[in-house]
1. How much length is gained if the chain between T67 and I39 is pulled fully straight, taking 0.36 nm per residue apart and subtracting their Cα-Cα distance, in nm to one decimal?
2. Dipole of region 126-214, Cα-centred, from +1 at each Lys and Arg C-beta and -1 at each Asp and Glu C-beta, to the nearest 20 debye?
3. Below 8 Å, C-alpha to C-alpha, sequence gap of six or more: please give me the relative contact order for the chain in percent.
4. Averaged per residue, what accessible surface does the chain expose to a 1.4 Å probe, in Å²?
5. Would you kindly derive the ³J(HN,Hα) couplings of region 295-308 from the backbone phi angles with the Karplus curve 6.51 cos²θ - 1.76 cosθ + 1.60 (θ = phi - 60°), listing them in order in whole Hz, with x for Gly and Pro?
6. How much of the accessible area of region 112-226, probe 1.4 Å, is carbon plus sulfur, in whole percent?
7. Could you pull out the longest piece of the chain with no exposed loop GluC sites (Glu not before Pro) in it, calling a site exposed if DSSP puts it outside H, G, I, E, B and it has at most 16 other Cβ atoms within 10 Å?
8. Rounded to whole Å and sorted largest first, list the principal axis extents of the Cα atoms in region 2-393.
Amino acid sequence: MALSLAPYAVQVDHSRGRRHPEPPHPYRNDFQRDRDRVIHSRAFRRLEAKTQVFTGRYSDHFRNRLTHTIEVAQISRTIATQLALNVDLVEALALAHDIGHPPFGHAGEKALDAAMRQHGLFFDHNLHALRIVEDFEQRYAAFRGLNLTFEMREGIIKHSRDYNPAEFPELAEYWLDKLPPLEAQLIDATDELAYNTADLDDGYEARLLTLEQIRESVPVFAGFFDEVKKLYPVAPKKLQFNEVLRRILDRWVSDLIQNTQAQLDLLADSDPRTVRDRRGKAGEDARRSIATLDEIRAFPRRLVGLSSQIEEERAQTKDFLYRNLYYSPALQPEKEDAERVITELFDLWMKQPEKLPASYQEKAESEPRARVVCDYIAGMTDTYIYEQYEKYCGRKASV
Ligand code: MG
């Protein structure tokens, strides 16, 4: 297995290990165990009742954070296999990539961050995810958290953004001045491809987007639509739509694979010290050795990405979704609900901490109260926070 990995892939045998050393498992490697620990965590199960874009009132067919996560994992595995990256680590990171999200999707995140800023703090879902796997999950008698490998924790923090080492000294162990491995870089790119296509699908199904509107504003969609119409002229509209969408996803995924590989090859060729033996064997001359993981980490920019042409296509699509779906008046009531529910509950628990569960009251003795209230809220599902809202604020949400 390890022999077929690219020379710059993360190798499980070279993992920097867990905080609390554990004996190896007889037939699962450490990244497979990380993946399994994520799947068996409570935070992972709660993704089922957290909004991705649409709340449950629209349809049971739409994505929630859990099904979105599974789609990201599927696409990431495909790409990682083609790039000869460590598929176990990629899958584990993909499954964990959204576990730090609060209820109510993006609107919830914004409201929680705003509430925290009133107290001089802030909310960041990657940092929250790290706290979940390091501390909040309690499954094992020997340690708190999931005791994931360094590579998992680093990827959870660094997959989608860079943190300034001066601003985040508490993250120093994660080498903030270095880029994450390709396995982590990949997750952010895949996440975008997954939701840009899925949100077109759900937006169309919810009748918030029309076929005509999408064809007009999303050129890649229009191009494939003409092709599909010739192939399946009498197929139902929704099936034509699906045929277009699978072609877009396939085009983007293929481009991501090819362009990333091309960037890596260019990197290998551009410096005589980093010429890479594609078969992964040691070169005859040590100086002509492979592009290593260290070189990926030290490179001035992330190397996983789309070609500029396809990136433009994707950006057009994202822009279209922002203008016509994410900010559509139809989704406004949900957003207002999210803001009201989170803000009011946050204020209530700040003023009356005795209404927090006992374990959180205890925590508030050693941590800022706002942080504890934020952690409590961020862990909630949409369903649970609505129940709390009714219980403590005496009102139902409006949608
Ligand atoms: Mg995501």
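The values are calculated or read from the model by the stated rules, or taken from the named source; none is laboratory data. As the structure is a prediction and not an experimental result, all values here were calculated from the model. Note that each Cβ is placed from the backbone with ideal geometry, even for glycine, and that neighbours are counted across all protein chains shown. The accessibility values were calculated without ligands, DNA or RNA, using every heavy atom of the protein model including side chains. Shrake-Rupley method; radii C 1.70, N 1.55, O 1.52, S 1.80 Å.
1. 8.8 nm
2. 340
3. 21
4. 48
5. Residue by residue, region 295-308 yields 6, 4, 5, 8, 5, x, 9, 5, 9, 8, x, 7, 5, 5 Hz.
6. With neighbouring chains kept in place, the figure for region 112-226 is 47 percent.
7. 1-166
8. The principal-axis extents, from largest down, are 69, 61, 40 Å.
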